[in-house]
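The structure under discussion appears below in the form of structure tokens.
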Ligand code: HEM
């Protein structure tokens, strides 16, 4: 014989069957997870430096170099905790599973009358009819509420056993299996999936996206074209909808067209494209208006960055130098603006700010000419999140399993009922008792209800 | 009368019901107990009417959406679920002393919503990220879970008080259900809450996946809901460990509810480098 107790493998197995280990692991996971909610995760060094100052930055960086506290949910030690929990739940479930199967797949469920008789919660009453009469009226009622019933005849009466929902003992395995599904699905996603983003100006298309974690380029098998981007607002100024009209182009042929909005992505060949952000590109050409102070005349001229425009009436030369999507003026964000230089005839240079939102802004300067942007064609770019996660269906299966499993485990139980009837004088003595694998109080109530029903039965 | 008025009135009705429950417990009187029950039912009617009316009002404003989109609305719904579950427990277990420990929680939730100057009761339009049916499923399930945990929290305190008084001298504690029953009730509530918290986290994950393309991102709110889930999973397993009955389960249930509160309110206090969701809040 092999000495089971001493083999190392067996000791490891025993270690992992312990529910104490589960409790320790779950509490450790709960406690350590807090770290990553206090220290912001996956920031850049300069962000951390900015936030914590030099001393604490160095201090935390030191910890980060060993414990990855700046990306703790992907750190070696957090992954080890998850791995230990997985082994724990697998080993523990396997360890008990065969015993549970034996209990469930039994041809003739055993009943031990003694155990029912010993129960404190049993109910007893007497009835004037004979056991034979009672058997005939009790049996249909009991078998209505229970899947399995069996009557054992006794010398002075009978014993009616009933039970249901034996299989619900499997519920807890479904719950534990669901944990495996979710962790496995997460693993599949992190190995075979990616998460990237791309900005596409209206009218343009691309195959190349940038991965979020590594900032590396990733080439897709198809092109994404942004036909159009639209943003709409509520009266309050809050954004109402972001909408990108996308076309997927494969081998130069368009294969799918779809408008995506937040919460309604485009999915193609396992790759998901989400509306995630947007921005504006500098307009390529704008129409400027020049209003002369002396004559009051307004002149309109087309202009572009670094293309000087001669202003009529010899008012000078204006050149757009730059475009800002959000310009600042005296500490305020005044939105999109052009920045240009006005060179007067005498050779004086003046910097000029032209916010798109405030056309009369330049009046404040009180120059010889008021410059404004009369019209411009707006080009948006759409910011798309592009992801692939082949593990997501495994995770979702886990979601369904845990809901079903928890429901079974929490709200259903293996219930057994025993009704014993014995002759006593010219009366019958009836005992009703019940046991359940869960929710003992519920079963007690049920026994009470059943015994009242039986006592009243005609 | 608009929904905010009705909900303000409801706040006072819930305050009265909490007061009556405590009165009936302390003075062992049936009359205030009965009155407390009917006050609560009346408050629930107001609470329900307030929620429905707010829903209708949002449609009248042309921005129709279920009233589950901000802190005010979620708190109002939170106290609604606490009261509904509590009334169910009172009916089933026929003991009103629990009301003295639970009705105040429903009152605090709605009072915080109605009275805090930091919480706006304006009906706001939905930002794009919140326009999803998953959001509704997510908020409803989470708050049913939170409400069950809130009730477990109240009952756990009762359990600890009851256990403190070993000789059973205190008249006040005599009116509590038995310690066994309190323990069993805590367990029932935690199981119920655990199922709904799980569904809440899941619907949140599915929603995140449909809005941002990832079902889990370890952002502080998500992480704290997971921490809460770990605490209650611990509780469910601790019951199977020898020596972990009774008090320690009650402590875990109290810690669990503290985690719930932190998930709900505390997360906003945490520092962050990024704002949540690229086009988010
Ligand atoms: C996050 C991970 C886990 C979750 C969510 C989970 C969930 C559950 C749930 C909901 C129950 C039913 C509790 C009840 O009946 O009230 C349960 C029971 C149980 N769990 Fe877990 N569990 C996890 C991990 C583990 C691990 C790692 C082990 C390993 C030892 C384990 C061992 C058990 C055992 C032995 C039972 C009792 C089964 C029975 O009643 O016969 N669980 N678990």
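List the relative contact order of the stretch B:1-123 as a percent without decimals, with contacts defined as Cα pairs under 8 Å and 6+ residues apart.
On the way: 155 pairs, mean separation 41.5, N = 123.
Relative contact order, the stretch B:1-123: 34 percent.
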What order do you get for A:331-338, B:248-255 when each peptide is scored by the mean count of other beta carbon atoms within 10 Å, highest first? B:248-255, A:331-338
Compute a Gaussian network model of chain B, connecting alpha carbons closer than 10 Å, and tell me which residue from B:62, B:145, B:256 fluctuates the most. B:62
Can you tell me the 0 to 90 degree angle between the C-alpha axis of helix A:45-67 and the longest principal axis of chain A, rounded to 10? 40
With no solvent and one equal point scatterer per Cα, compute the Debye intensity ratio I(q)/I(0) for the stretch A:153-312 at 0.19 Å⁻¹ and report its log10, rounded to two decimals. -1.20
Using alpha-carbon positions, what is the distance between the centroids of the stretch B:154-194 and the stretch A:72-138, in Å? 26
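Kindly give the semi-axes, whole Å and largest first, of the ellipsoid equivalent to the stretch B:22-116, taking each as the square root of 5 times a Cα gyration tensor eigenvalue. Display every interim value, and only then the final one.
Numbers: eigenvalues 178, 31, 22 Å².
So the equivalent ellipsoid measures 30, 12, 11 Å along its semi-axes.
Could you list A:246, A:281, A:454 so that the one with the fewest beta carbons within 10 Å of its beta carbon is first and the one with the most is last?
Numbers: A:246 25, A:281 15, A:454 20.
The fewest-first ordering by Cβ neighbours comes to A:281, A:454, A:246.
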Rounding to the nearest 10 and keeping the result within 0 to 90°, find how far the Cα-based axis of helix A:131-145 lies from the longest principal axis of chain A. 10
Please find, in a Gaussian network model of chain B (springs between Cα atoms separated by less than 10 Å), the residue of B:35, B:75, B:182 whose mean-square fluctuation is greatest. B:35
Over the stretch A:303-458, what portion of Cα pair distances is larger than 19 Å, expressed as a whole percent? 74
In 5 Å bins starting at zero, report the fraction of Cα pairs in the stretch A:286-376 per bin as a rounded %. 3, 15, 27, 29, 17, 8, 2, 0
Go ahead and set up a Gaussian network model of chain B, Cα springs under 10 Å, then flag whichever of B:12, B:194, B:149 fluctuates most. B:12
When A:153, A:202 are ordered from fewest to most other Cβ atoms inside 10 Å of their Cβ, what list results? A:153, A:202
Separation of alpha-carbon centers, the stretch B:198-230 and the stretch A:212-238, rounded to whole Å: 23
For the stretch B:64-157, what is the Kirkwood hydrodynamic radius in Å, using each pair of distinct C-alpha atoms? 14.2
Compute the helix-to-body angle for B:179-212: its Cα long axis versus the longest principal axis of chain B, expressed 0 to 90° and rounded to tens. 10
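With a 10 Å Cβ neighbour count serving as the proxy for reagent exposure, in which order, fewest first, do A:130, A:214, A:382 appear?
Numbers: A:130 14, A:214 10, A:382 28.
Least crowded to most crowded, the residues run A:214, A:130, A:382.
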When every alpha-carbon pair in chain B is counted, what percent end up more than 25 Å apart? 49
From the C-alpha gyration tensor of the protein assembly as shown, square roots of 5λ in Å: 65, 32, 24
Shielding by partners for A:405-412, please: the mean number of other protein chain Cβ atoms within 10 Å of each residue's Cβ. 4
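With an 8 Å Cα cut-off and a minimum separation of 6 or more residues, compute the relative contact order for the stretch A:281-351 in percent.
Details: 126 pairs, mean separation 15.3, N = 71.
Relative contact order of the stretch A:281-351: 22 percent.
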Alpha-carbon Rg/Rh ratio, for the stretch B:126-281, with Rh computed the Kirkwood way: 1.08
Mean separation of Cα pairs under 8 Å and 6+ residues apart, divided by the residue count of chain A: what relative contact order is that in percent? 19
Mean projection of the alpha-carbon convex hull of the stretch A:2-103 over all orientations, in nm²? 9.0
I need the per residue convex hull volume for the stretch A:365-441, using only the alpha carbons, in cubic angstrom as a whole number. 296
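FYI, it's all coordinate maths here, none of it is from the lab. All of these numbers come straight from a predicted model, not from anything done at the bench. All Cβ positions, even for glycine, are placed from backbone atoms using ideal geometry, and neighbour counts span all protein chains on display.
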